[in-house]
Every structure is written in structure tokens, then in C-alpha cells.
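Heads up: the structure comes next, in C-alpha cells.
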Amino acid sequence: MEVLTRCEGNCLEFFLKGELDHHGAQGLLLRLEQDIQKALPMVLILDFTDVTFMDSSGIALLIRARQRMQELGGTADVCGAAAQARRVLDAAGLQRYLTIR
């Protein structure tokens with residue numbers, strides 16, 4: 001899993017590329033926690049445009065990201081989810097908890 005980040009104002013963006021499976025989610029969760037703590041954003045955007053595969057580990061990561069942003073009084077959004085990742089997001093019902101665009 002490759003990750004690029006951008007922080008502008010109160011917005012932190014994560015651009016993900018590759019497979020978001022158990023292996024990729026472990027390191028990403030740690031990085032996500034560290035970057036949120038450092039930037040203290042009000043908006044977190046996770047760009048899934050280049051995510052080629054996602055399993056339940058990705059769901060757990062998104063739930064944790066949402067929880068962390070709620071603790072800060074902010075929001076977490078997912079954008080650009082390709083077909084396979086979108087099916088997983090829809091099947092998990094994450095649109096009830098996150099903005100998926």
C-alpha cells in the first residue's frame with residue numbers, strides 16, 4: 001500500500017494506492033493516527049481512487065478513522081472508491097457512518 005498525504009488548513013487528505021488488506025491496513029492505521037494527531041484536522045479525506053482491493057481490514061480502518069475524527073469534532077470522507085472497494089463499502093453499510101462520494 002502506497003500512501004501520499006496532503007494537509008492544507010484544517011483538511012488532511014490521504015491518497016491510497018494498492019491493496020488495503022490486513023498487511024496494508026496495519027501500517028496505514030498507525031500512520032493515520034500519527035498524522036491526525038499531528039495535524040488535528042477538522043476534515044479527513046481518504047481518496048480510494050487507486051485502491052485495487054479492500055477487505056474487512058479496510059472497513060476497520062475506516063471505522064477507526066471516523067471515531068478519531070469524531071473525537072476531534074471533525075468528519076471523515078471517502079472519495080473515488082473503485083468498483084471492488086465500493087462494493088465492500090456498500091455491503092458493510094459504511095455510508096451510514098461516513099460520507100462516501
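The values are calculated or read from the model by the stated rules, or taken from the named source; none is laboratory data. Keep in mind that what you see is a predicted model, and the values were worked out from it rather than measured. We place every Cβ from the backbone using ideal geometry, glycine too, and count neighbours over all the protein chains shown. Heads up: the accessible areas ignore ligands, DNA and RNA and are worked out on the full protein's heavy atoms, side chains in. Shrake-Rupley method; radii C 1.70, N 1.55, O 1.52, S 1.80 Å.
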Out of region 46-60, which residues are of a type in the set (A, V, I, L, M) and open to solvent by 20 Å² or more (accessible area, probe 1.4 Å)? Ile59, Ala60
Mind listing just one residue for me: the one in region 13-31 that is surrounded by 20 or more Cβ atoms within 10 Å (Cβ to Cβ) and of a type in the set (Gly, Ala, Ser) and, of those, nearest to the chain's Cα centre (by Cα)? Ala25
So is Met1 surrounded by fewer than 15 Cβ atoms within 10 Å (Cβ to Cβ) and more than 11 Å from the chain's Cα centre (by Cα) or not? no
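For (1) out of contact with any Pro (no Cβ under 7 Å at 6 or more places or on another chain); (2) not charged (D, E, K, R), each residue gets a yes or a no:
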residue: Cys11; (1), (2): no, yes
residue: His23; (1), (2): yes, yes
residue: Ile36; (1), (2): yes, yes
residue: Asp55; (1), (2): yes, no
residue: Gln67; (1), (2): yes, yes
residue: Ala82; (1), (2): yes, yes
